[in-house]
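Reviewing the structure listed below.
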Amino acid sequence: MLEILAFAQAGGQDAAEKFANATSSGIALGAIYALLALGLVLIYKATQVLNFAHGAIAALGAFFAAYLATVINFPGRYATFLPVTMQWILSALVAVLLTAVVGLVLERLAIRPMIGEPLFSVVMITIALDIVIRTITVDLIGANPRPMGDPWGADVVNIGPAVVAKTEIATVIVTIITLIGIALFFRSRYGVAMRATAFDQEAAMAQGISAGRIFAMAWAIGAALAATAGIFSSLFPRSAIGVSNTTAFFAFRALPAIVIGGLDSITGAVVGGFIVGLAESYAGAYLTGEAWSFLGLGFSGVMPYIVMMIVLLIRPYGLFGTEEIRRV
Amino acid sequence: MKKLRIFALVLVLALIAAACGSDGEETTTTAAESGTEETTTTAAPEEGGTEETTTTAAPEAPAEIKVDFGVDNDAMTITLGQTADLTGPFSPLVKPIIAGQQMYWGWLNANGGMQGYEVIMETRDTAYTVEGHIAAYDEIRDKVVAISHTTGTPQTLAIGDALEEDHMIAVPATWYSGWTDTNVLPNVLHTGAPYCLEAMSLLDWMAQEEADAGNDAPTLAVASIPGDFGLDSMAGALKWAEINGVEVVHDGSGTIVPGQDLKPVADAIVASGADLVYVTTTPSTFSEVYGNALQQGFEAKWSGAGPTYNPAFLGSPIADAIQRDWYGGFYMQPWGGDSAGMALIMQLVEGSGADIPANDYVGLGVIEAMLVHAALEAAYASGDMTREGVYNAIYSLDDVDFQGAAPNENYVGSTADQIQRAITLWRPSVANLEAGGSGSEIVESNFVGPTAESFEFTEACYQL
Amino acid sequence: MRTRPRLFVSYGSEMSLLPTWTQKTAALVFLAVLVLIPFRVIPGLGFLADNDWLKILSRIAIFAIAALGAHVLSGLAGQISLGHAFFIGIGAYTAAVLGGEVGKAHWGLGLPIWIWLPAAGVVAATVGALVAPTAVRVRGIYLAIVTLGLVFIGEWIFRSTPFITGGAQAGRKFPRFEFRLWKEEAPLVDFTTDGPWFGVEMSSEAKTYLLLLVFAIVALIVAKNIQRTRIGRAFMSIRDRDIAAEVMGVADAKHKTIAFALSSAFAGMGGAMLGAFLGRLVPESFSLLLSVEFVAMLLIGGLGTASGALLGTAFVIVLPRVVQDFTHLLASTAETGTGLFAGIANLIVATSETDGGIVSTLPGTSPGLNVGEFNIVLYGLLLIGFLIFEPLGLYGIWIRVRNYWKAWPFTY
């Protein structure tokens, strides 16, 4: 299979192929950004906290998954009758749940006491959390990066002119499932409660909704989403070697996504995620070579931030964000 | 009332002063205590470890030994400093290196110490930042006789003036070709073949394999991270292409920026259709470049500077492909080599009981320690264990022997005399990994490619 | 009248920098202590004259200058910025180009310090004023992300201009602390070599420290004075209620732009001094972590006061050293000590590969965190603790202590 593909590539990429490849990898990248952005926006909407520890939580989740799947094979070893893919998915789910518990603990210990404190202080708390969690995660990962042990490996399939890794398809599918899940959640009893709290905290409390419980739930779901993104960003071809000490920095690439979409808009997070993913991918594919060398090193990485600046100049609250009504 | 307030103010100031003062005193006494607390018995060295040194005579009376910083003739201790990245991006590599040093010095101390001196390590974290490195060095510079490990080239250059001022030797964990250049900071010792000559030897090997397979005119694509690590390596690869008349179909020197989407780098390599690819970067960024190229079905002979590779590749989805594509080189024998030095390293790791993976970097730590040990022995033999004495001692050694774990080193003569060209060639092997090795099957030890052999090395390949 | 410290008879006296006699004395004593530190004459503070502590103090002085810039922007004008590192970088590289050696691989004009230091401030301020239009359009958390983007864009610029910065992971040399009138061979005053000054033998560290101390004091007076001017009052009114300020005729965008420019000027000069002090920097030095350090300094010190910024700076710079010494103290107690403390220490510290503990004295791959990691974790936890339990920071603690002693021996 690889040999045949190599032969097909020998003539170099034609324009359609190049566009298809850039698009497909942009969508896969955008799906991960969307997951990250979704978690960030969820936490922001419910608690008005921008979580700078998101990347560290994502890396921790990815480490949990790698450890569960490759080192102790939990819970797969109690369910050997299941196919390998199912076993891995179970491990990943357990890892996501564990990370959600971490999110709960963080909220209770570090965020809850800060309710009502200035924005600046809460941002700093999450930055400090990032420092602590990232350091501990890097120590847990140890001397070598940890492969995820996923069942798809380096397999690729051809979809039209594009060569797509199976992991990329899995990423997009998981993102779609998660989006549907979140949409359904918002229609559920707790989801409505969360929306109500986000809209008007005091009115919601007057209706008997426990704001504390809503905060906890938002952090748990946010952490779970971060873990999912962390796991899928540590797969072939993005990071074939698995989770490493640089995984945590990945989330900073999703920050422009939430600003472009608007900090408090779920739709905005998803749209922003895909915009950033595609912008980065197209910038990488087309703004390279001699003619573009004046753009310097690693331009595709700052592309999202430049897009963000432009969007903010036109719409200071993002594409879908609600404009803040300021009273004197 | 007013008097009271002034009194209160004075009291507070006095309290603060007292608190600060006692804090500082505690600090200094702690350091002194840890320096003197374990005066071991001054037994003669027993076995193995001291064979590579110039003198194996019985210990003389230490009173004749001239000392200044870091060597204590009363407590019989030698203090060595390490400015190491324990929390930054290279901490996964540096922690095993420091562990290797710990094992070596611990073993030496248990066997009578360095001529009766107990060796103490003062390790400080630099977080791989220039600022952190300078602060770490400033803190330990008056306590130590030598720096047995320093992480990072720009960071080490940043303490260059201070090293020179202190006549301190330092062993870098980088293989920048400038370290051999006697005009660039001689205080920093070279170990192993530099990145640029390594690139030449590896490409010689890969081109030979390619020729054996019937392709006499291979094309080359290169890519690297910025900085001396990537660019010194690239300088070697591009020079190799120039000397051998090989067409460079893609030059991506410095284009791999960590933390960014690296698909464009992979795309450029794939589009070039090169037969040989030389990529020097960190393992995680390499896996992203290689993974993206592999996704598009690209097949070529891949190689890169030693630290680009990581044994974890063999447990990852790219294991099969990397087994097929990767041509590895390293400055020392990989794990499980057949030399006496490697046997010592394996024995140390087993004896320590530490839970560390089979990792070549532990061995590197031992090599660094052996080099400093040789310098200390030579300084002891000359009766001058001041920093300057140690500095002069290492530059009097023309054959530092690592018992086969790494090629012997020469520190006498011109840049061209001192240059190390030999590397160990190996191929990745899952079978080897499963048999308990590090997954590196040795192809040839002490290999010097024809281009690397004939290359006239007079100055650093890449100027910082 | 003169004996009533809190009674002011004119606006001028209430606004004076040191309104009371006590404060004047305290400031003088403190200043005298700072100046005398390198001469080892103050009992109990002798250890501060060691070269490594002098360097820590110098670092505090440099960071304090940049932190005062952050204070002007965040503390006075109330704008959350994570972009401070970018302006520090701009200043550092301006100094490097203007003061750097001529004819080397990187740009350098070899100009003297009295040109490159102010120029670093001017250029950084200009850049600050240029990016301000984007920044003044957004508020709150959006501003934090925009300024964060500035750091990433800055890193990309620094990385892509190796002729100025030396390139990523390579870096370049910076001009040294030497005073020349113009480009003459021997500097008039050289702060980087040991030698006597007015007959007193002084190390290069002591000279650099005294120089930086002077700079820091000047910066402090300037920052304090900004607070007392019309512009400073405009900043504070914007911080407290921007719309109300606008209604009262304070031009919002204009003053935010001025705040950015002023803050960047401090940052730029701080960056120039940092480059000269460290001798070599890489583009990665000006990363988000550097910006975060300044936010931490302001918050730990107490947001909104210049003295809080100074306290916070000292705390954040000294903390890693103290934590490290503390861990080593724990380790030596665990190894040799007896009694309860040794038992507790033994639980926390692992001294061999097989020993259990949270932190290990062996920095290799032994169990638990290594000292460096422990340092970082403790730093993070202390930050969190401070923000939760003492939102006003060190300045708040100081106020409480002061109030206690004011009323002493009565409790209120």
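What follows is calculated from the coordinates using simple rules that are stated; it is not laboratory data. Just so it is clear, the model here is predicted, and its values are computed rather than measured. All Cβ positions, even for glycine, are placed from backbone atoms using ideal geometry, and neighbour counts span all protein chains on display.
Just a few scattered comments:
- Within straight-line reach of C:K183, meaning a Cα separation under 14 Å, sit the following aspartates and glutamates at least 8 residues removed in sequence or on another chain: C:E101.
- A simple charge model with +1 on the Cβ of Lys and Arg, -1 on the Cβ of Asp and Glu and nothing else charged puts the dipole of the protein assembly as shown at about 8180 debye relative to its Cα centre.
- Across chain A, the longest piece that holds none of the trypsin sites (Lys or Arg not before Pro) lying in DSSP loops with up to 16 other C-beta atoms within 10 Å covers A:1-325.
- Backbone HN-Hα couplings from phi across segment C:392-407 [Karplus 6.51/-1.76/1.60, Hz, Gly and Pro as x]: 8, x, 4, 4, x, 4, 4, 4, 5, 4, 5, 5, 4, 6, 4, 8
- Extending 7 Å from the Cα toward the beta-carbon at both A:F74 and A:I159 defines two label points whose distance is 3.5 nm.
- Sparse-neighbour loop sites [trypsin sites (Lys or Arg not before Pro); segment C:58-161; at most 15 other C-beta within 10 Å; DSSP]: C:K104
- Amide H contacts of C:M202 (H built 1.01 Å from N, under 5 Å, at least 5 apart or other chain): C:G195, C:W197
- Extreme residue, positive dipole direction of the protein assembly as shown, given options A:A37, B:A374, C:T165 (C-beta unit charges): A:A37
- Label-point separation, C:F30 to A:I314 (7 Å along Cα→Cβ), nm: 5.1 nm
- Sparse packing (at most 14 other Cβ atoms within 10 Å of the Cβ) combined with a DSSP loop state is found for none of the chymotrypsin sites (Phe, Trp or Tyr not before Pro) in segment B:364-464.
- Summary: within chain A, the longest segment free of GluC sites (Glu not before Pro) located in DSSP loops with at most 16 other C-beta atoms within 10 Å is A:1-322.
- Annotation: peptides C:318-326, A:264-272, ranked by per-residue average of other Cβ atoms within 10 Å with the highest first, follow the order A:264-272, C:318-326.
- Per the Kirkwood formula applied to alpha carbons, chain A shows a radius of gyration over Rh ratio, Rg over Rh, of 0.99.
- Model label zone, C:A105; criterion: amide N under 12 Å from point 7 Å along Cα-to-beta-carbon; scope segment B:134-173: B:154
- Here is the list for segment C:162-196: GluC sites (Glu not before Pro) lying in DSSP coil, each with at most 10 other C-beta atoms within 10 angstrom of its C-beta, are C:E184, C:E185.
- Candidate lysines - alpha carbon under 26 Å from C:K406, same-chain residues fewer than 8 apart omitted: B:K2, B:K3, C:K24, C:K224
- Taking the DSSP beta bridges with both ends in the protein assembly as shown, the antiparallel portion is around 40 percent.
- Helix A:84-106 vs. chain A, principal-axis angle (Cα, 0 to 90°, nearest 10): 30 degrees
- Segment A:32-101 and segment B:382-396: distance between their alpha carbon centers, rounded to Å: 55 Å
- Cβ-derived FRET efficiency at R0 60 Å, A:R187 paired with C:L347, nearest 0.05: 0.75
- When chain C is treated as a GNM with alpha-carbon contacts under 10 Å, the residue of C:I62, C:I384, C:I37 showing the greatest mean-square fluctuation is C:I384.
- Cβ-Cβ FRET estimate between B:D338 and B:A416, R0 fixed at 41 Å, reported to 0.05: 0.85
- For segment C:380-408, the residues whose backbone nitrogen is under 19 Å from a point 7 Å from the Cα of C:T20, taken along Cα to Cβ, are C:395-408.
- Proximal lysines to A:K166, defined as alpha-carbon separation beneath 24 angstrom and excluding residues fewer than eight positions away on the same chain: A:K18, B:K263
- Placing unit charges on the Cβ atoms only, positive for Lys and Arg and negative for Asp and Glu, gives chain A a dipole magnitude near 760 debye about its Cα centre.
- For chain B, the longest principal axis of the alpha carbon atoms and the long axis of helix B:263-272 meet at an angle near 40°.
- Given R0 = 56 Å, the distance between the Cβ atoms of A:L93 and C:R40 translates into a calculated FRET efficiency of 0.30.
- Cβ neighbours within 10 Å from other chains - mean over B:127-134: 5
- Modelled label positions at B:E388 and A:A15, each set 7 Å beyond Cα in the direction of Cβ, lie 7.2 nm from each other.
- Gap separating the Cα centres of segment B:434-462 and segment C:116-135, nearest whole Å: 50 Å
- Only helical runs count toward this figure. For the protein assembly as shown, summing -39,500 (n - 2.57) over DSSP H runs of n ≥ 4 and dividing by all residues gives -18500 deg cm²/dmol at 222 nm.
- Fully extended contour minus Cα-Cα distance, from B:K66 to B:A211, at 0.36 nm per residue: 46.4 nm
- Linear extension gain, B:A435 paired with B:A162, 0.36 nm per residue minus alpha-carbon span: 93.6 nm
- Per-q log10 I(q)/I(0), the protein assembly as shown, q = 0.04, 0.06, 0.08 Å⁻¹ (Debye; single scatterer per alpha-carbon; no solvent): -0.22, -0.50, -0.92
- From the alpha carbon centroid of segment B:211-236 to that of segment C:147-219 is 38 Å.
- Cα-derived Rg to Rh of chain C, Kirkwood definition: 0.99
- Here segment C:116-154 is scanned for amide nitrogen atoms under 14 Å from the site 7 Å beyond the Cα of C:K254 along Cα-to-Cβ, giving none.
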